[in-house]
Amino acid sequence: MQNLLYALIQSLHNINAAVIAGIAAAALWQPDLRSKLATWVAVAWALQGLTGLSFGITTYAYERHLPDIHGIAVLALGIKVLCVVAGLTLALFYRKANLSEKQQVLVWRILLALGLVALASAAFLRWYS
């Protein structure tokens, strides 16, 4: 059952990471959708954080300890957490701010970069843990 939960969480986590990058890319090419996409990318970043947390919760529930990671894996996890916090914060800020076109493009480029960095960090977390 534990492996099934990990697989389901991993599937949601991976698909959601691709959704984050896709939403940010779409916003760069569809300026008229940016306001709606900001809400969706905020939801996606929150879900990313929750699915990431679910890995640790699942391990703790079954093994009574947190996942045993060290070195590069800890660094990669830290980067992923920072991406989630920054991405969610930036998406929520975007929804409330009155930004110029140039500022909007910058925010969406940063959101795209955060999504791609989080995706790349996942590979290091997986293979170095």
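Some observations on this one:
- Residue in segment 41-64 that is over 29 Å from Gln2 (Cβ atoms) and assigned to a loop (DSSP other than H, G, I, E, B) present: no
- Unmet criterion (only one of (1) farther than 19 Å from Val117 by Cβ; (2) at pLDDT below 95; (3) part of a helix (DSSP H, G or I)) for Gln104: (2)
- Only one entry of Leu125, Leu75, Leu88, Leu92 meets the criterion of being within 10 Å of the chain's Cα centre (by Cα) and touching a residue at least 40 places away in the same chain (Cβ under 8 Å), and that entry is Leu88.
- Which numbered condition Ala123 fails, given (1) surrounded by fewer than 15 Cβ atoms within 10 Å (Cβ to Cβ); (2) modelled with pLDDT of 95 or more: (2)
- If you filter segment 16-49 down to residues that are among the β-branched types (Val, Ile, Thr) and closer than 17 Å to Ala113 by Cα, you find that the one that is surrounded by the most Cβ atoms within 10 Å (Cβ to Cβ) is Val41.
- Residue in segment 82-111 that is nearest to Thr51 (Cα to Cα), counting only those that are of a type in the set (A, V, I, L, M), surrounded by 16 or more Cβ atoms within 10 Å (Cβ to Cβ) and touching a Leu at 6+ places or on another chain (Cβ under 7 Å): Ala86
The values are calculated or read from the model by the stated rules, or taken from the named source; none is laboratory data. What you are looking at is a predicted structure, and each value in this text was computed from that prediction instead of being measured. Every residue, glycine as well, gets a Cβ built from its backbone with ideal geometry; the counts of neighbours run over all protein chains shown.
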